[in-house]
Amino acid sequence: MGKAKRTRKFAAMKKIVTHKAIKQYKEEVLNPIKRDFSKQNLPRNVPQVSSALFFKHNTALGPPYRVLVDTNFINFSIQNKLDLETGMMNCLYAKCTPCITDCVMAELEKLGQKYRVALRIAKDPRFERLPCTHKGTYADDCLVERVTQHKCYIVATCDRDLKRRIRKVPGVPIMYITQHKYSIERLPEATIGGAPRM
């Protein structure tokens, strides 16, 4: 009987015991109480449903609408030659007040000379300025955080990632630009233009 051919193992390495591994093993043995709780089955953190959501319709939303405006929404409005306030009124058939956070203003200022028209529009006195208390100037996080805390806003953005994040928050409509006009997503028809509820 012939000898069976065995394939040679390539790149088979012996595991070297490092000083770090020994130290970690000693800590696990000496401190059994100090365990990693992330591996255990802890109950998931379920966010509390807002009291404004009644039958999945946001009762906090109603005219006059407060619209949180993102940086790129202003830029795309300029490109499409749309006036923010009149465009919003044509879309929602009601009075709208565009709200701009400090983070969005800081982002527009950072963009420099190219976006000076957008910055001038954002500084319009008709727009409501919302002060930010958190650290950092990342506008997307700021808008998502503000919307999850207070369900009284409509978010105006053309950013896909931000839209995806806001869709996870229940009861928050999204305004975007399509075919050179403003369009709204996820706003129940009963609340548009202050129509009487049945």
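The values are calculated or read from the model by the stated rules, or taken from the named source; none is laboratory data. Since the model is a prediction, treat every value here as computed from it, not as a measurement. As a convention, Cβ positions derive from the backbone with ideal geometry for all residues, glycine included, and neighbour counts pool all protein chains shown. Quick note on the areas: whole protein, heavy atoms, side chains included, nothing else; ligands and nucleic acids left out. Shrake-Rupley method; radii C 1.70, N 1.55, O 1.52, S 1.80 Å.
Okay, here's what the table says:
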quantity	calculated
Kirkwood Rh in Å, taken over region 50-172 so that all alpha-carbon pairs contribute	14.9
Entries in Lys135/Lys168; Lys110/Lys181; Lys20/Lys168; Lys95/Lys135 that, when Cα-Cα distance is taken, lie over 30 Å	Lys20/Lys168; Lys95/Lys135
Sequence of Lys114, Lys3 when ordered by accessible area, the most exposed leading, probe 1.4 angstrom	Lys3, Lys114
Probe 1.4 Å, all protein chains present, accessible-area order of Tyr182, Tyr176, largest first	Tyr176, Tyr182
Additional length obtainable on full extension of the chain from His150 to Asp102, 0.36 nm per residue less Cα span	15.6 nm
Kirkwood-based shape ratio for region 106-170, expressed as Rg/Rh from alpha carbons	0.97
Difference of contour (0.36 nm per residue) and Cα-Cα distance, Val17 to Thr86	17.9 nm
Spacing of the two label points (7 Å from each Cα toward its C-beta) at Ser183 and Asp161, in nm	2.4
Average silhouette area of region 133-182, convex hull of alpha-carbon atoms, in square nanometres	4.0
